[in-house]
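What follows is a short report on a single structure.
Taken together, the values in this text are just the output of simple stated rules run on the coordinates, not laboratory data. In this text, all values refer to a predicted model and were calculated from it rather than measured experimentally. With ideal geometry, Cβ positions are generated from the backbone for all residues, glycine too; neighbour counts draw on all protein chains shown.
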Amino acid sequence: MKPWTPTGAVVAPIEITSINVQRGDVIQIGGQPCRVADLLQLPLGAKRLLFETGEQLTMHPRTRLVALRVQKRW
């Protein structure tokens, strides 16, 4: 994961599901922050999250997680 640098962007904690998860979201798993690098759509609304570190996580359609999302301010 790249080191944080101040850019004028705002980081906000949000609740995510398999419907609204996005590339770039940061999810803390086992105390380790993991940034979503890619998403794969699976049957029945599930998604497989591929992280920059190589780990994978499959989200069931009803799974809810808290993530950090960067929101740019213009």
So what's the net charge close to N20: Lys and Arg +1, Asp and Glu -1, counting the other residues with Cβ under 14 Å from its Cβ?
+3
Compute the distance in nm between two label points, each set 7 Å from the Cα along the Cα-to-Cβ direction, one at Q32 and one at V66.
2.1 nm
Around Q32, under 13 Å between beta carbons, what's the net of Lys plus Arg minus Asp minus Glu among the other residues?
-1
Any idea how far apart I14 and Q41 come out in nm if each label point goes 7 Å out from Cα toward Cβ?
1.9 nm
Net charge of Cβ neighbours under 12 Å - reference Q56; Lys, Arg +1; Asp, Glu -1
-1
